[in-house]
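Below is one structure, written out as structure tokens; comments come after it.
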Amino acid sequence: MILKRVIVALVVTAGFSYVSAQEGTTLRLSLEEAQQYAVEHNAAMQNADLETKKAELSKWKTLSTMLPQVKAGFDYQNMCGYTMNLGGRSSMSMASMMPESVTLGTLGTFPLTFNFPASNESSESGGIAMNPSGTFSITASIALTGAQIVGTMLQKIAQDMTDISRKQTEQETRSNVKNVYVSILVMEQTVGLLDSSLANMERLAATSQSAVDVGAAEQVDADKLQVQVASLRSSINSTRRSLQMLHNSLLLQLGADVDAQIELTTTVDDILSLENATQLLGRGFDIERNYNYQLLEQNEKLAKRNVTMAWMDFTPTLSAYYQYSAKTYFGKDEGFNMTPPNMVGANVSLPLFTSGSRLANVKSAKIDYQEAVNTKQQTEDGLRVQYNQLRYDLATALETYDIQSRNLEVTQRVFNNVAEKYRYGRASSLEVTTASTDIISAQSNYIQAVMSVVSAQISLENLLNN
């Protein structure tokens with residue numbers, strides 16, 4: 001009984017431990033680890049992988065139409081006792097009237113000969129018994145057209161496009177993870193700054209209220225600081241709620257359990273490398289590396305192949321087959337068998353006249369190809385303009401970040417200075433409120449500057465496929 005209770009207690013403890021482990025799952029991820037985790041678990045990436053596999057299967061499906069096709073069959077026939085009557089007098093023996101064999105014709109160079117069965121009861125009665133029979137056959141066939149060959153090439157291009165789209169999806173996934181990752185870090189940094197400001201304001205509000213209590217200050221000054229403290233608390237609560245939403249967004253991007261906790265191990269300074277951003281500005285634009293341009297190149301190839309496909313309607317169709325048949329009678333006598341065991345055949349067909357529809361298809365395909373060429377050229381020019389614009393955006397974002405970083409530092413010093421003066425009565429509550437508002441504004445501008453740098457850098461990296 002005691003052993004039973006111990007076992008039950010261990011099972012319950014293990015169950016609670018498992019639930020706690022599930023509920024308390026924590027992912028400690030650097031930026032690179034988070035991006036790799038998303039590549040392996042993100043739903044969009046999984047769908048992109050499935051599309052790649054589907055494109056591979058589609059290519060082999062088209063290729064298989066050019067390979068031999070083999071099928072087997074079995075056919076059973078039962079005439080329900082019917083006897084074939086060949087005519088003549090019933091008193092005469094059919095065996096005396098019929099030759100042993102008759103040549104019915106030829107199949108190519110092979111004669112088709114029918115061997116009459118030996119004398120039996122059916123022949124003596126003037127007919128041939130149609131016994132039940134079964135025929136087993138195997139047919140191998142192959143058909144080749146120019147459209148099949150070109151279609152295989154089209155499927156190869158489609159597979160390449162799917163692979164490029166998968167790489168593009170991976171690039172977008174990594175970029176989205178980086179964007180949210182940095183947003184969380186910056187938001188956490190913001191909460192820390194606001195907490196520091198709140199602590200200072202609470203000390204100033206307490207000092208002001210103490211001065212009011214002893215009659216050294218007016219209540220309105222203390223009330224102003226209390227309002228400022230309440231405003232800061234509201235800003236902190238709002239920021240924390242936004243931070244939780246960002247955590248949820250990152251979990252969705254990662255494809256992780258929505259109840260998991262995330263601990264980020266990479267710092268903002270590690271990500272926000274001004275040296276890397278500066279090097280990125282000096283890097284040239286190799287348009288061949290851009291995924292959008294690669295897709296347009298494949299689209300142009302596809303349109304060109306479609307022109308060739310349209311011309312294939314003028315080419316002949318070649319087909320050949322081989323058939324083996326084995327017919328078996330289930331009666332005691334061999335029946336009337338005209339089924340040759342082996343048969344081969346070939347066919348060549350050429351379309352001659354279709355009222356101009358094939359030529360119209362060729363002209364339409366040529367127009368589509370020219371449109372693809374024009375689209376590619378226009379997009380190429382647009383990508384080069386976009387490259388110059390993104391370099392300008394990144395340079396501007398770096399300058400703004402430098403200014404806002406110094407502004408935040410200066411504003412923090414001003415606030416500390418005003419707060420110190422207020423303690424000794426050399427500054428008014430209005431100055432404290434103004435300094436507090438300035439530091440909150442400076443923090444907001446700093447956050448926007450950081451996100452602008454990250455966003456501009458990600459956009460340029462995606463364009464360069466860096």
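With respect to Q219, is the statement that it is in contact with a Gly (Cβ under 9 Å, 6 or more places away or on another chain), at pLDDT 80 or above and either open to solvent by 80 Å² or more (accessible area, probe 1.4 Å) or farther than 14 Å from T433 by Cα (or both) true?
No.
Restricting the first member to segment 25-49 and to residues that are over 15 Å from E172 (Cα atoms) and charged (D, E, K, R), and the second to residues that are open to solvent by 70 Å² or more (accessible area, probe 1.4 Å) and not in a helix (DSSP H, G or I), the beta-carbon pairs closer than 7 Å and six or more apart or on different chains are R28/E263.
Screening S319 with (1) surrounded by 18 or more Cβ atoms within 10 Å (Cβ to Cβ); (2) of a type in the set (G, A, S); (3) under 30 Å from A365 (Cα atoms) gives one miss only, at (1). Selection over segment 203-216 of residues that are surrounded by fewer than 16 Cβ atoms within 10 Å (Cβ to Cβ) and either within 21 Å of R241 (Cβ to Cβ) or among the small types (G, A, S) (or both) gives a count of 4. One residue stands out in segment 419-448 among those that are touching a Leu at 6+ places or on another chain (Cβ under 9 Å) and hydrophobic (A, V, I, L, M, F, W, C): the one that is surrounded by the most Cβ atoms within 10 Å (Cβ to Cβ), namely I439. Checking S197, S165 one by one, the residue that is assigned to a helix (DSSP H, G or I), open to solvent by less than 60 Å² (accessible area, probe 1.4 Å) and under 30 Å from Y424 (Cβ atoms) is S197 and no other. Is it true that some residue in segment 175-184 is open to solvent by 50 Å² or more (accessible area, probe 1.4 Å), under 46 Å from the mean Cα position of the chain (by Cα) and more than 23 Å from H41 (Cα to Cα)? No: segment 175-184 contains no residue that is open to solvent by 50 Å² or more (accessible area, probe 1.4 Å), under 46 Å from the mean Cα position of the chain (by Cα) and more than 23 Å from H41 (Cα to Cα).
Note on segment 212-331: enclosed helices (runs of 4 or more DSSP H) holding 1 or more residues that are without any contact (Cβ under 8 Å) to a residue 12 or more places away in the chain are 219-254, 268-271, 274-281.
I'd like to know if segment 353-370 contains one or more residues that are under 30 Å from K71 (Cα atoms) and not in a helix (DSSP H, G or I). No, every residue in segment 353-370 fails to be under 30 Å from K71 (Cα atoms) and not in a helix (DSSP H, G or I).
Would you check which residues across segment 62-72 are touching a residue at least 24 places away in the same chain (Cβ under 8 Å) and assigned to a helix (DSSP H, G or I) and list them?
Filtering segment 62-72 down to residues touching a residue at least 24 places away in the same chain (Cβ under 8 Å) leaves 62-63, 65-72.
Answer for segment 62-72, where residues must be touching a residue at least 24 places away in the same chain (Cβ under 8 Å) and assigned to a helix (DSSP H, G or I): T62, L63.
Of the residues making up segment 249-297, those that are crowded, with 19+ Cβ neighbours inside 10 Å and among the polar types (S, T, N, Q) number 3.
When restricted to residues that are surrounded by 17 or more Cβ atoms within 10 Å (Cβ to Cβ), of a type outside the set (A, V, I, L, M, F, W, C) and within 21 Å of M187 (Cβ to Cβ), segment 224-238 contains 1.
The values are calculated or read from the model by the stated rules, or taken from the named source; none is laboratory data. Quick caveat: nothing in here was measured; it's all calculated off a predicted structure. Note that we place each Cβ from the backbone using ideal geometry, even for glycine, and neighbour counts take in every protein chain shown. Ligands, DNA and RNA are stripped out before the accessible areas are found, and what is left, the full protein with its side chains, is counted by its heavy atoms. Shrake-Rupley method; radii C 1.70, N 1.55, O 1.52, S 1.80 Å.
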